[in-house]
Amino acid sequence: METFGEVALLLLQELQVLAQHSPFPIRNDCLLQYITINIFTIDSSALKDCHDDREDAISVLQLQALSLAMCMFAVLVKRAAGLLEKHMLEAADPEDLLSDDLRHVLPSIKVWCDWLSSVPNTRLWTLPAVINSDLGARSLGRTEQNEYVLSSEEEEELQGEQSSAIQELKRKKQVLERRKLRHEQQGKQRTAVLEKEKQERLAEVIVCPYFLVPDTNCFIDHLAGLQRVVAARCYTLVVPLVDSPIQVRRDIVLLTEDRNLRLKAHAHNVPVSGVPALLRWANLR
């Protein structure tokens, strides 16, 4: 927000430059989208659950959004007034009030004016000096003799476009909120897993084999390699026999009463005993 003023000023300057061109370089639907975005921003930045009865209770964000929107509106109105005055002087037919550029700009001005006249929150209009809404009857594209009025079909079409654009913005906002929530949940899950791994005691397995137990496929695929293992006399090769138990000599016994550790030890053929049972087995009473 520190650079809002600079960015807003640059935007207004560029809009003023574009507004001087003919034909108008910004498409009509784009102008309507800008107006709709301004309306949505002003509405969404309002104070939530405000219980303040002061007339000047308005958020800073809403004030800045309203100021920028009014300045953009003033640029369009000023350009429309100039186009109308020029057209009235140059038009061959005095009944023809609108040039092509005026028809391009006026629908967006009409949408904004309709919203201004229908805003229920009176707090928005308590700071006219700050908003600097120096707009007169001439700014609304009127003259003493003539006034531009949209047809009913055009008005319904504009209202439909405005409603559709607002709904689309709300839909995109909901999508972004759901995406943000999903990322936050995933981040919490990753953090929980990392914390759990830090707290758990890591076990380092040191491999010092005395016995090697090959399966049947080893004799089929790597018989020559197994022969070299036997010839080296570094390990004892245990050959499993069908329907006969394998005898593995263990010189270590795990002393624990923990159920999980006992199950893991049995799964790896490691003998497990409790201290009382060991004392009885070794006759150390």
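Residues are listed down the side, and each one gets a yes or a no for (1) within 60 Å of the chain's Cα centre (by Cα); (2) at pLDDT 85 or above; (3) surrounded by 10 or more Cβ atoms within 10 Å (Cβ to Cβ); (4) on the phi < 0 side of the Ramachandran plot:
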| position | (1), (2), (3), (4) |
| --- | --- |
| E195 | yes, no, yes, yes |
| V205 | yes, no, no, yes |
| P214 | yes, yes, yes, yes |
| V229 | no, yes, yes, yes |
| C234 | no, yes, yes, yes |
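Contact map, region 1-27: residues that are closer than 16 Å to A69 by Cα and among the hydrophobic types (A, V, I, L, M, F, W, C) paired with residues that are outside any helix (DSSP H, G or I) and modelled with pLDDT of 85 or more, Cβ distance under 9 Å, separation 6+ or inter-chain. Pairs shown: L15/I26; A19/P25; A19/I26. Among the conditions (1) within 24 Å of the chain's Cα centre (by Cα); (2) surrounded by 18 or more Cβ atoms within 10 Å (Cβ to Cβ); (3) at pLDDT below 85, the only one that S45 does not satisfy is (2). Residues in region 1-42 that are closer than 21 Å to Q62 by Cα and hydroxyl-bearing (S, T, Y) were compared, and the one that is surrounded by the most Cβ atoms within 10 Å (Cβ to Cβ) is T36.
Any residue at all in region 53-62 that is among the hydroxyl-bearing types (S, T, Y), in contact with a Leu (Cβ under 8 Å, 6 or more places away or on another chain) and either at pLDDT below 85 or closer than 27 Å to E168 by Cβ (or both)? Reasoning before the result, please.
Pass one, region 53-62, residues among the hydroxyl-bearing types (S, T, Y): 59.
Filter once more, keeping what is in contact with a Leu (Cβ under 8 Å, 6 or more places away or on another chain): 59.
Filter again for either at pLDDT below 85 or closer than 27 Å to E168 by Cβ (or both), leaving 59.
Yes, region 53-62 contains a residue that is among the hydroxyl-bearing types (S, T, Y), in contact with a Leu (Cβ under 8 Å, 6 or more places away or on another chain) and either at pLDDT below 85 or closer than 27 Å to E168 by Cβ (or both).
Contact annotation: residue pairs with Cβ atoms under 7 Å, 6 or more positions apart or on different chains, pairing a residue in region 205-222 that is within 20 Å of K264 (Cα to Cα) and β-branched (V, I, T) with a partner that is at pLDDT 85 or above and assigned to a loop (DSSP other than H, G, I, E, B), are V213/V238. Every test in (1) more than 23 Å from the chain's Cα centre (by Cα); (2) at pLDDT 85 or above is passed by N38 save one, and that test is (1).
The values are calculated or read from the model by the stated rules, or taken from the named source; none is laboratory data. Keep in mind that this is a model prediction, so the values were computed, not measured. Cβ atoms come from the backbone with ideal geometry, glycine included; neighbour counts cover every protein chain shown.
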